[in-house]
Amino acid sequence: MPTALITGVTGQDGSYLAELLMSKGYEVIGMVRHSSTMNFERILHIQDQIEIIQGDLHDQGSLVNIIEEHHPDEVYNLAAQSFVPVSWNQPVLTGEVTALGVTRLLEAIRLVSPKTHFYQASSSEMFGKVQEVPQSERTPFYPRSPYGVSKVYSHWITINYRESYEMYASSGILFNHESPRRGLEFVTRKITQGVARIKFGMSKELRLGNLEAQRDWGFAGDYVEAMWLMLQQDRANDYVIGSGETHSVREFCQVAFEVVDLDYKEYVVQDEKFYRPAEVDLLISDPSKAKNELGWEPKVSFKQLVSMMVESDLSNLNNKKN
Ligand code: NAP
Ligand code: F7E
């Protein structure tokens with residue numbers, strides 16, 4: 001039975017990846033950081049089937065101990081401070097976790113278990129002020145936030161460990177991926193929960209920032225399959241993972257409100273509070289390398305994703321009401 005370590009197992013992607021790996025017969029070890037209150041909402045249903053261990057990307061010793069104890073065949077590094085606006089308020093913390101944390105984990109693997117296959121969660125935020133449309137593995141980076149800058153560092157340190165030490169270290173440059181498990185502060189979930197609240201008469205309006213930003217959105221459940229496929233290849237490599245389509249935040253609102261037969265223009269209010277100091281205006285992927293080499297393609301369309309998220313939030317609120 002292969003063993004996989006997932007950092008960030010309590011996050012959106014961690015929960016879907018744990019489910020996928022278990023379905024493939026892996027023994028899954030999930031690393032969680034200490035907190036005074038448990039934050040296992042996304043993994044409650046599988047908590048008994050995975051081994052939960054404590055560790056933190058800030059703490060080198062905890063990472064060495066975990067790798068020593070488990071010698072995992074595969075490590076998926078999904079842990080990060082991943083919310084872009086927070087990265088301006090806490091740039092040093094974001095760099096410590098999202099950038100340097102990756103070096104700590106790579107060092108632990110290099111010293112203790114150098115044959116382990118390593119996956120790094122790179123991001124389309126690295127393309128930032130895009131230098132090319134669409135963006136592929138060859139597009140130069142121009143990050144626009146401390147988060148994006150941290151992800152560029154972690155991307156290159158992953159490549160550097162591959163080239164310096166012949167470690168099997170791959171990066172997935174994933175475009176935005178969403179689901180009913182998405183954190184409430186990200187725009188898609190903020191919109192779908194907002195739609196459900198308005199439908200049930202619990203809110204009168206939805207306050208958002210820049211409605212013109214365009215993103216290449218996909219379903220997280222599809223994207224964790226690509227992570228796994230990357231670590232099954234003969235050689236480590238880097239892959240862009242996305243849908244190849246782009247849609248504006250405004251369009252997301254329109255489609256989400258249409259699911260409950262409402263017109264977004266009557267409820268969405270633009271609020272400067274949610275504008276960013278530097279915006280990423282347009283992201284659209286060229287995922288052809290992943291299609292050709294991994295045989296990966298997304299299954300859930302944009303409209304299916306929006307409907308899935310709205311329906312889920314309607315059902316969540318309905319259950320709470322009853
Ligand atoms: P998420 O929901 O924000 O999950 C982040 C996870 O990291 C959580 O489990 C969090 O634990 C953990 N974490 C934070 N700081 C940590 C620390 N110091 N030590 C150990 N764990 C820590 O993120 P996601 O959407 O699942 O994304 C997964 C990864 O992919 C992230 O690296 C993200 O930057 C990257 N990514 C995401 C997308 C996307 O669209 N979702 C696209 C490209 C790349 P707590 O539960 O304790 O907070
Ligand atoms: O913003 C605009 C905002 O916070 C998307 C992370 O997973 O994907 C995610 O980063 C867009 C931006 O995601 C609001 O200005 C408008 O243009 O949902 P988001 P993100 O910043 O694209 C990448 C790939 C990651 O790697 C990250 O970890 O929506 N927007 N109004 C808003 N955004 C938010 N959050 N809230 C608003 O009210």
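A Cβ distance below 6 Å, combined with a sequence gap of six or more or placement on separate chains, defines the contacts here; from the range 5-16, residues that are within 11 Å of Ile43 (Cα to Cα) and β-branched (Val, Ile, Thr) reach residues that are modelled with pLDDT of 95 or more and assigned to a strand (DSSP E or B) in the pairs Val9/Gly30; Thr10/Val32. Answer yes or no: is there a residue in the range 115-128 that is part of a loop (DSSP other than H, G, I, E, B), crowded, with 18+ Cβ neighbours inside 10 Å, more than 13 Å from ligand 2 (Cβ to nearest atom) and in the same structural domain as Met167 (by TED's automatic domain parsing). Yes, the range 115-128 contains at least one residue that is part of a loop (DSSP other than H, G, I, E, B), crowded, with 18+ Cβ neighbours inside 10 Å, more than 13 Å from ligand 2 (Cβ to nearest atom) and in the same structural domain as Met167 (by TED's automatic domain parsing). Of Ser36, Ser15, all but one fail to be polar (S, T, N, Q), more than 15 Å from His117 (Cβ to Cβ) and away from ligand 2 (no atom under 16 Å from the Cβ); the exception is Ser36. Would you confirm whether or not the range 55-64 contains a residue that is within 17 Å of the chain's Cα centre (by Cα), modelled with pLDDT of 95 or more and away from ligand 2 (no atom under 16 Å from the Cβ)? No; the residues of the range 55-64 include none that is within 17 Å of the chain's Cα centre (by Cα), modelled with pLDDT of 95 or more and away from ligand 2 (no atom under 16 Å from the Cβ). Residues being under 30 Å from Asp286 (Cβ atoms) and touching an Asp or Glu at 6+ places or on another chain (Cβ under 8 Å) are entirely absent from the range 86-102. The residue that is surrounded by the most Cβ atoms within 10 Å (Cβ to Cβ), counting only those in the range 58-90 that are of a type in the set (Gly, Ala, Ser) and either touching a strand residue (DSSP E or B) at 6+ places or on another chain (Cβ under 6 Å) or not in a helix (DSSP H, G or I) (or both), is Ala79. Of the residues making up the range 210-236, those that are surrounded by fewer than 18 Cβ atoms within 10 Å (Cβ to Cβ) and closer than 23 Å to Asp261 by Cα number 2. Scanning the range 18-33 for residues that are more than 12 Å from ligand 1 (Cβ to nearest atom) and either surrounded by fewer than 22 Cβ atoms within 10 Å (Cβ to Cβ) or more than 22 Å from Phe118 (Cβ to Cβ) (or both) gives Glu19, Leu20, Met22, Ser23, Lys24, Gly25, Tyr26, Glu27. Looking across the range 271-322, the residues that are charged (D, E, K, R) and over 30 Å from Trp88 (Cα atoms) come down to Lys289, Lys291, Glu293, Glu297, Lys299, Lys303, Glu311, Lys320, Lys321. When Val259, Val268, Val255 are checked against the criterion of being more than 28 Å from Asp222 (Cα to Cα), in the same structural domain as Lys190 (by TED's automatic domain parsing) and crowded, with 16+ Cβ neighbours inside 10 Å, a single residue qualifies: Val268. In the range 158-173, the residues that are at pLDDT below 95 never reach a residue that is surrounded by fewer than 17 Cβ atoms within 10 Å (Cβ to Cβ) with C-beta atoms less than 6 angstrom apart, at least six apart or across chains. For the condition within 15 Å of ligand 2 (Cβ to nearest atom) and in contact with a Gly (Cβ under 9 Å, 6 or more places away or on another chain), Tyr147 does not qualify.
Residue count for the range 80-113, restricted to those that are of a type in the set (Phe, Trp, Tyr) and under 18 Å from Ile159 (Cα atoms): 0.
I'd like to know if the range 131-151 contains one or more residues that are without any contact (Cβ under 8 Å) to a residue 12 or more places away in the chain, closer than 30 Å to Val255 by Cβ and acidic (Asp, Glu). Checking the range 131-151: at least one residue is without any contact (Cβ under 8 Å) to a residue 12 or more places away in the chain, closer than 30 Å to Val255 by Cβ and acidic (Asp, Glu).
Residue by residue, here is whether (1) out of contact with any helix residue (DSSP H, G or I) (no Cβ under 7 Å at 6 or more places or on another chain); (2) part of a loop (DSSP other than H, G, I, E, B); (3) over 17 Å from Ser179 (Cβ atoms) holds:
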position: Arg250; (1), (2), (3): yes, no, yes
position: Glu258; (1), (2), (3): yes, no, yes
position: Lys265; (1), (2), (3): yes, no, yes
position: Arg276; (1), (2), (3): no, yes, yes
position: Ala290; (1), (2), (3): no, no, yes
position: Glu293; (1), (2), (3): yes, no, yes
position: Glu297; (1), (2), (3): no, yes, yes
position: Gln304; (1), (2), (3): yes, no, no
position: Leu314; (1), (2), (3): no, no, no
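Residues in the range 189-222 that are of a type in the set (S, T, N, Q) and closer than 23 Å to Val130 by Cβ: 2 in all. Among the residues making up the range 181-209, those that are among the hydrophobic types (A, V, I, L, M, F, W, C) and part of a helix (DSSP H, G or I) are Val187, Ile191, Val195, Ala196, Ile198. Taken as a whole, the condition of being in the same structural domain as Leu17 (by TED's automatic domain parsing), under 19 Å from Gly172 (Cα atoms), within 15 Å of ligand 2 (Cβ to nearest atom) and of a type in the set (S, T, N, Q) does not apply to Gln90.
The values are calculated or read from the model by the stated rules, or taken from the named source; none is laboratory data. Here the structure is a predicted model, which is why all the values come from computation and not from measurement. Note that each Cβ is placed from the backbone with ideal geometry, even for glycine, and that neighbours are counted across all protein chains shown.
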